[in-house]
Amino acid sequence: MNDEHEKEDEQAKELKRLFNEVQNGESKAEKTDEVRPVRETGEVREIDILNLPPRKEVHSNTKHRTTFKINGALLRLIIVILLLILVIAGMYYMWGNDVLEIFNHYEATIKGAKP
């Protein structure tokens, strides 16, 4: 338990030190002359975070495919419709014109029932 308390104290001290550096405008790189990443040409690359382009401009240039996502309900609906089409096609193949006569008879019955 003592080790945990010491770690918390170390973290607190480190955070206080960082906070003081930020308030005073100092940085660790200025104090210790930390080496910055160097390109192969030998120049130091600095990024000015205040002069970055707008996000819209940066991301508008990306070319990517439009993705089409099918959720479970839509997938079930498509499968049911395909099964119905297959059943009707099978019925027509098996019984041919008899299926058409059944549908025509049903249609005539409906029309005849109406006044």
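Points to keep in mind about this one:
- Summed over segment 23-36, residues that are modelled with pLDDT of 80 or more and under 39 Å from the mean Cα position of the chain (by Cα) total 1.
- Taking segment 59-74 as the range and being loosely packed, with under 10 Cβ neighbours inside 10 Å, part of a helix (DSSP H, G or I) and modelled with pLDDT of 80 or more as the test, the residues that pass are Gly72, Ala73.
The values are calculated or read from the model by the stated rules, or taken from the named source; none is laboratory data. Values in this document were obtained by computation on a predicted structure and should not be read as measured data. Heads up, the Cβs are rebuilt from the backbone with ideal geometry, glycines too, and the neighbour counts pull from every protein chain shown.
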